[in-house]
Each structure stands twice: as C-alpha cells, then as structure tokens.
Amino acid sequence: MTYLTLAATQGAFKTVTVSERTAQAFADGSWILALVYILAAVGALGALVTVVGLVLIYAERKIAAHFQCRLGPMRVGWHGILQTVADAIKLLLKEDVIPERADKAMHLLAPFLSMMATVMILGVLPYSPILQIVDLNIGVLYVTAISGFGVMGILLGGWSSNNKWSMVGAMRAGAQIISYEISATLALLVVVLFSGSMSLAEIVQSQDAGWWVWRAHGVGLVAFIIFVIAVTAEINRTPFDIPEGESELAAGFHTEYSGLRFSFFFLAEFINMFVVSAMAITLFLGGWMPFHIGTGGAFNGAMDLIPPVLWFFGKTSAVVFLIMWFRWTFPRLRVDQLMYLEWKVLLPIGFVNLFAAAVVVLYNLYPFPIIVP
Amino acid sequence: MNQLLASIAAYAPGLREWLLLTSVIFSIGLYGLLTRRNAVGILLAVELMLNSAALNFVIFNRFCMPARIDGSVMAIFVIAVAAAEVVVGMAIFVALYRYRGTVDVNRMDTMKDPVTSFEGPVAFNKEVLDNINKQYKSHHDH
Amino acid sequence: MGRVDFSDVKHETRAFAGVTVPVSVVPRFKRQTYPTRFLFSLKSLIDGMRLTFGYLVRPSKVVTRQYPENRATLKFPERYRASLKFKFDENGYQHCNGCGSCERACPNGSIILNTRKGEITGRNEIERYIWRMDSCVLCNACVEACAFGALEMSHEFENAVYDRRLLVYTLNRYAGPTANVLLKEENLEARAAMMTKLDTYGGPVPMNGHALPTVRALGSPRDEAKPDGKGAAS
Amino acid sequence: MIGPAIYTVMFWVVAASTVLFALAVVNTRKLLRAAIALMAALSTTAGFYVMLDAQFLAGVQVLVYVGGIVVLIVFAIMLTRSGELLEDHPTPERRVVGAAISIMFLILSAAAVWVSPFAEYSTGKTPPNDALSIGKALLDPGPGGYVAPFEVISLLLLAAMIGGIVIARKTPPPNQPFTSGGDLPGETDVYTPLSQRDPKRGGPVS
C-alpha cells in the first residue's frame, strides 16, 4: 500500500491548497476566515523568504569553509549561528548609495523586480499535500515564465548603475540565463510528458509509483542532470558565475548596490537556489513523497511516518547541498566555454532526450523492469 | 455589503468594454509608431499593437464562442510571429548600428545616394563627389 | 587529455646540421574522440567532487586556528618570520660588528646602521641598529646576508600599533663591540666601559626628527625627552 | 457576489494601468524605460488573459514576451546605445499629427465596436484546461485543426533565428561589405572618410 492510498484511506491526504480554502471561505461567506487565510499565506511567504535566506547563507558559509578546510563563522553565537542575522542588521543599517549618474528610478526598481520574481515562484511550490498556496494548472509554465522577471531585474540593475562593469555583468547574466533556460525547459518538458500535466501538485502525485528520475528509465536521469546543470547556470552560481566574476567585474550587476537593495539581490540569489532545488525535487525526486522501496513492508511504513514537509525540505536541502558542492569544487568557465556547453552539449542532448522521452511515452516503452512501484 | 458588491459588479466588462480597451492600446501604439524616430522605439510601439490584436482574438473567442479555442491558437500564432519579427528586427538594427552608428529611421536613406549614405551629409561639390566615387569604386573592385 | 606519460618518452641522438645531439622524443598526442573526451571530463569532475567531499567529512583536516583563544598553545612553524631580532648570547652580548651587509642586502632600505669608532677598542662597532618594520617585507635577506649570525627572524607577531612611527625599532641593546671582542676583556668593569647602554632599546625611534609624546627623537639627549613631545632634536 | 465584484474592480484597475504603461511606452524619452514600461504593459496583458480564462496563453505571454522579447529589446538598446539617442523626442508637429491620426483611428474603431451587433454567448462553458485544448488544436490535422499553420510558424521561427544570426553576425560574408561593420580590414572604421583611411587597412591606394 503506497503512501497516497494509505493516506487517502485514513483521510489524511487531501490536496487542498490555501487558495482553494480561501475561495471556499468566501463562498461560505466567512470573510474573517478568508482574510485569515490570505494573511497566513502572505505571512508564511515572508517567513519562508526570511528563514530560507538566513539558513542558506549560513549553510553556504559553513559548507564552503569545511570544503576548504576552514571553520567558517565561529564567533557570533554558537558556531557563528547568528552571523547572518548580524550581517542582515548591518546591511539594513548601511547607507544606501545611489551613483550620481545612475538612472535612479530604474536603479531602485531592479532589486525589487528580482526579488518579486523569486517570491512569486515560492507561492506555487507544493510543500506538502495541504501546504501549497495556489496550484496553477500551468504551474511549470508559470515558473519558467516568471523567472524572466528575474532576468529583467538583473539587466536593469546593471544598466541603471551606469557602470561599465555592471553593464557587462548584466549582459553576460542576461545572455547566460536566456540560453540555459532553454535546456532547463527541455528537461522540464520530459517530466511534463511523463506525468501528462503541468500542475505541480499533479506532477508530484504522478510520482506515487516511483520518482521520475528513475521511473522514466534513463531519460529521467539525463533530464535531471541537464536540469541541475542548467539551473545552476541560471542562478549564476559557480562554475557559471561569469556575470559576477569577482576577479574580472568586481561584483557584476550589483557592483553599485549597497545596503538594503544589495541585500535584496543577495537574498534573491539564495532564494533562487532554494526555488530551483525545490523545482528539481518536485519534478524529478517526488516532491513531498516519501522514499519507498517496493510495496508495503516495515521500511515503507517507517518512511510514511515522516511528515511530507520534512521530506520536501530534506530533499531540497540535498539538492542545495549539491549545488554548493559544485560551487566549491569546480573552476569558473570562460564565456565561450559557457556558450559551448549550452549550445553544443546540453541542447543537443536535451533535444535527443526529449525525443526519446516522447517515444517512450507514446509507445509505452519501459525497457527495464520498474524497481520502485 | 451585498448591495455594494452588486453595484460594483454592475460595471463588469462586456465585450464592448474589452474591445474598447484593445482599441485604446492599439491607438497608443499607432501614436508611438508615428512619433518615434528611433527604430527600436518604433518596434516597441509595434509590439504594443500586435499585443492588442492578440488580445482581441482571445476576447472574441471568450465572448463569442467560448467552447472553442481558436482565438487562443491565433493569439499564440501572433505571439510567435512577434517573436520572429523582433529577432530579425533587432538583428537588423544591431547590424545597422554597427554600420551607420545610429538607428534613427530618418537617417536611413541609403537608397537615395551612395555618397550621402556612405559619408553622411557632404557638400555637393562635383569634384569631391567624383573623387569619392572613384575611391569607392577602386576600394571595392579588388 | 594531453598528458605526457614519461615512460613513452624516448631518448635518442639525432644529427642536426652535422652535429649529433641527444634529444628526447615525445610521442605525438593521440586526438581523443568526442565520447572519450566527454567521459574523461566527466571523470575529472567526479574526481574533484570526491576530493572536496573528502575534506568536508574529515574535520581533522581543518587548518583554521581560533587565535585569541588559543594564544597559550599557539605553535608556529620553525621558519615562520614575524619580526627581526638580534641574537644575544648568554651574557646578553650581540654579534653584530656593523659591517653593513644587511643594510646593503635589504631590498627596500628598511635597515639603517649607525656605526661609531670604539673609544677603547678603536674598531668599527655598532652604535644603533635601526629596523623599520613599517617598510620591511620580512624577506629574510638580511639574515642570510649576515656573515656573523647576528640576526634572526623571531616569532613575535603581535606588532600592531596605532601610529606608523611606532614601527621603527632599535635592535641592539647597547652600542659597542661584538661578543667576541667583549669576551676577550676579562675585567667586567672594562667591558662595561666599552658598552653604552641604550635607553630606547627595542622601542620606536622616530626617523623623521620629530619626537612623539612618549618617544624621544633620534639623536636627542636623554633628558630632552619630554612627555609633551616638544623635545625635538635640534 | 464577491467574485464578479473582484473581477470588475480588477478589470478596471488593470485596464487603467495598462493604458498608463502603454502611454509610457510611447512617450518616455529614455528608451530603456520605454522597454520596461512595455514589459509592464505586456505583463498586465497576461493578467487580461487570465481574466479571459486563457491561463496557458497568459503563461506563454509572460514566457515569450517578458523572458524573451523584452530581454532581446533591452539587449538591442544596450548594444545600439539607443538609450543615449536623446533626439528622440518628437517635434510638436509630429506629435499633433500622430495624436490626431491615432485619435481618429480610436474614434473610428470605437464607433465600429459600439454599433456592431455581436453575437454574444457569454454563458458558454470555457474549456477547463486550455493548454490541453490548444495542444490538441495545434496538432489536429482535420478540419478546424491548425497543424499546417503550426508547422509554418515553426519554419518561420527557424528562418527568423537563422536570419537573425546571419544578419547580426560580426564577420560578414565576403563580397557583401554592407551587411555589417565586421572585423575585416577597412570595415571597422566606416566613419572615417575613405580618403583618410590607411591603405594598409583597406583604404584607397593613392
């Protein structure tokens, strides 16, 4: 008995998003309840942004340090656990400098655009069967589309700073993001093909009988690898961090930003890491589904005891760790190598993979026995 | 409360309001098309017009035959054509900028005269003109 | 790939323009096919990730030291260089005879030697050995240049000050001859007469002629050093 | 009752903001700001698509326009330095003529819209999953299907892509010096009069 059927028989499983609850409350005429739902959703998003940002920045520092035989922050709080908080306070109190010749309105707008794109994606992720703010039936498309706003934020920030390094960084970022978005989308389409839906909640539920990364034999694994590489490039992290390239461009598009606005860019970058990891696990690693081997058994029962939210965040942290691991292992690519990787390696493989996936889905070809039901 | 909501809902947009909206957007795009001189600016205005046209398709689909999907399909075609148009347009503008140093449409008068196009405005002295034309030919012959 | 396997290198002799010379012949690189290169690069990526993960899971490899807390147990490598010091023997006598090798060896003029003619010995001897830490790069050239083993690099590293002028040190404790010369004189009082004790030993010596509130200017008499810093050298 | 009210309020608010953004597109002097205003106008149009029960179309709109076209336009603005083309404020005559023509067009089309009898079936049921229906319609070879236009549009996009690359490529093909200012000798400095050019770099041999 799988998790879904088990949960369904016990009544625990019921995909009800917060927006559905709100609509129901409106229909029932209980305004207060609807208002509470809306406020709770907004508050939860804010809390999620804050907590994920703080945790990820601290984790990045600690993991980076240990990858390099260092200790990382150790002074503020136990093992430096309050270091990020201290840094956040510092950034908030810092003077907000706007360059004199900058395009002021655009300069102010850019970080908010960047942040907005990220937060808008957080709203559609299925954290658990009952913890999802809104489930769009075009969820995958929505996520791909909204990330375009992030590109605009970066381009705008680089342009409006009136600094040639910022602009070069911004144009590199723009070129890189829109190039790698193609590969990421091709990898997403494989899962859309297999699950037959673009709604994120339905994609998660379609993995009840096995995660797509191994249930779609080979094809899913290749798509997962392509997706991870492409999104690592899309969030501008090493080894694809030429838009920021400290040794060449100072800090790339956010060279001229300081204080609160810099922290917006910074936070957006880290939340983006969370978002793409969450997308990767939602599409390929079963989202909030627990890990099962075979059907029934004590092992599966034990796995079912762990709440879905923990599964979601645990898997997400694993992918986040993978991306951090990339960062502290690989050297930065040159611009031409970056474009080579996308257009001559990832894109052909992605197309072939998508074609193979289409064939597999169309003719129901599963060359290997299904190990995980 | 319900009365208030009902009075608000009385202003719900019908087909005519929607179409009026797209007309307004289209007219604004037309204004930009006529007044802008920067080629990129003109393209922005054209995008606006294309967009309102695509919206029109969807509006008609929604109000006149809601069970079908043809309007949406046409809108997708419009979006695809717009994308193709922008790609080629931007490539032309970038190439033109490299060659001419400007994307002002008023100065794209290459077809008028090879000399003015190549050098910008020059004094129309017969001697100078012949000289430049000669050099021009000698340069491009070999 | 492009790596040379040294077992493949052949050592031959070849004639070039009538001259026979020994040459090492490296075999031509084989051009790798696309899948080979792909798999090789994949393997190298995985190797790198394995290496970094190894560091992550082995905390014993951590090299960071928690400095102010571990001050008592702080250990330095043998050849760690933090500041220049004179070597003194068990009597407190120095080995510097003021030959100036270190001064000449210093790449940026951080060593200034004042020598004098010894009144009793009649030989050249050190009067004041000034070392400017503010310009020193701790290159160790002076220590290597010294033929008498008078200098060494010590591990005293906490040298931060608020005023750059406080980074000028006098290294010798006394103005006078070397330990060898002193030890030949048996009489302790006669020995003492050869030496002039320095009051600003080890401390800063303003090089620009101005005194600091607590530092006497170079060359000014001792009683002119006033706490108000007005006792500048005339 | 709350649904229609919210719908109505949203429509008018979004419509007003769209018109404002559209006006910004055509009136802003700095071209980059115009592009940003265009992005906003296109995003609000995506909102209209959602209101018209075309969620898939809204997603495509944001994906293609914001993620692709506006980024491309911003790139072009940065590459051509059109943002610095400050003579792009039209003369008053131009403004008046443009406004007159566009207002005339607006009156004409509004009148046409207002007097036309439209067959309205607003009670009809819209397809719940428009992505599915659009996909089926695009790949339907039968009557009412769009498979031929779909293929044609794919070819068009391919041709546009190749054409864009060819036109914007820096090194022009030989014998076509006018395609671009490339890096062949004598093509980089097209502003230098021919008579002043260095013969070694492709200038006239005197």
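Per-structure values
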item	result
Mean residue ellipticity (222 nm) of chain C, computed from DSSP H runs ≥ 4 via -39,500 (n - 2.57), nearest 500	-6000 deg cm²/dmol
Alpha carbon centroid spacing (whole Å) that separates segment A:253-303 from segment C:62-122	56
Loop trypsin sites (Lys or Arg not before Pro), segment C:1-83 (other Cβ atoms within 10 Å of the site Cβ: 10 or fewer; DSSP)	C:ARG3, C:ARG28, C:LYS30, C:ARG31, C:ARG71, C:LYS75, C:ARG79
Loop sites in segment C:117-157: GluC sites (Glu not before Pro), DSSP, at most 14 other Cβ within 10 Å	C:GLU119, C:GLU156
Computed Rg/Rh of chain C, alpha carbon atoms with Kirkwood Rh	1.25
Calculated from backbone phi, Karplus (6.51, -1.76, 1.60) coupling profile of segment C:116-121 in Hz, x at Gly/Pro	9, 8, x, 5, 9, 6
For chain A, calculated [θ]222 nm from helices alone, where every DSSP H run of n ≥ 4 adds -39500 (n - 2.57)	-22000 deg cm²/dmol
Distance between modelled label sites at C:MET49 and B:ALA12, nm, 7 Å Cα→Cβ extension	5.4
Cβ charges +1 (Lys, Arg) and -1 (Asp, Glu), total dipole of segment D:1-126, debye	180
Length added when fully stretched, A:SER30-A:LEU45, from 0.36 nm per residue minus Cα-Cα	3.1 nm
Peptide-level mean, for B:10-22, of C-beta atoms on other protein chains within 10 Å	6
Label point at C:CYS139 placed 7 Å out along Cα→Cβ; residues across segment C:80-107 whose backbone nitrogen lies under 18 Å	C:81-85, C:100-107
Most positive-pole-ward Cα, A:ALA358, A:MET74, A:ASN236, against dipole of chain A from beta carbon charges	A:MET74
Base-10 log of normalised Debye intensity for segment C:6-54 (one unit scatterer per alpha-carbon) at q = 0.17, 0.22, 0.23 Å⁻¹	-0.71, -0.84, -0.87
Separation in nanometres of the label points that stand 7 Å from Cα toward Cβ, at B:VAL105 and A:CYS69	6.5
Computed FRET value (nearest 0.05) for C:ARG123 with C:HIS155, which takes r as the C-beta separation and R₀ as 30 Å	0.35
For segment D:107-117, 3J(HN,Hα) per residue [Karplus equation, 6.51 cos²θ - 1.76 cosθ + 1.60, θ = phi - 60°, Hz, x = Gly/Pro]	4, 4, 5, 5, 4, 4, 5, 6, 8, 6, x
Farthest positive-ward along segment C:6-54 dipole, Cα basis, beta-carbon charges - from C:THR36, C:PHE16, C:GLY48	C:THR36
Global geometry of segment B:13-108, whether rounded, prolate or oblate, following the gyration tensor of its Cα atoms and the 1.5 cut on a/c	oblate
FRET efficiency for D:LEU20 and D:ALA99, using Cβ-Cβ distance with R0 set to 22 Å, rounded to 0.05	0.85
Peptide D:27-40 - average C-beta neighbours from other chains (10 Å radius)	5
P(r), alpha carbons of chain A - 10 Å bins starting at zero, rounded %	5, 22, 31, 26, 13, 3, 0
Listed residue pairs exceeding 20 Å between alpha carbons, taken from A:LYS62/C:LYS61; C:LYS85/C:LYS117; C:LYS117/C:LYS184; C:LYS117/C:LYS197; A:LYS94/A:LYS164; C:LYS87/C:LYS117	C:LYS85/C:LYS117; A:LYS94/A:LYS164; C:LYS87/C:LYS117
Pairwise FRET efficiency - D:LEU132 versus C:THR33, Cβ, R0 = 35 Å, nearest 0.05	0.20
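Each reported figure results from applying straightforward, stated rules to the coordinates on display, with no laboratory input. What you are looking at is a predicted structure, and each value in this text was computed from that prediction instead of being measured. Methodologically, a virtual Cβ is constructed for each residue, glycine included, from the backbone with ideal geometry; neighbour enumeration extends over all protein chains shown.
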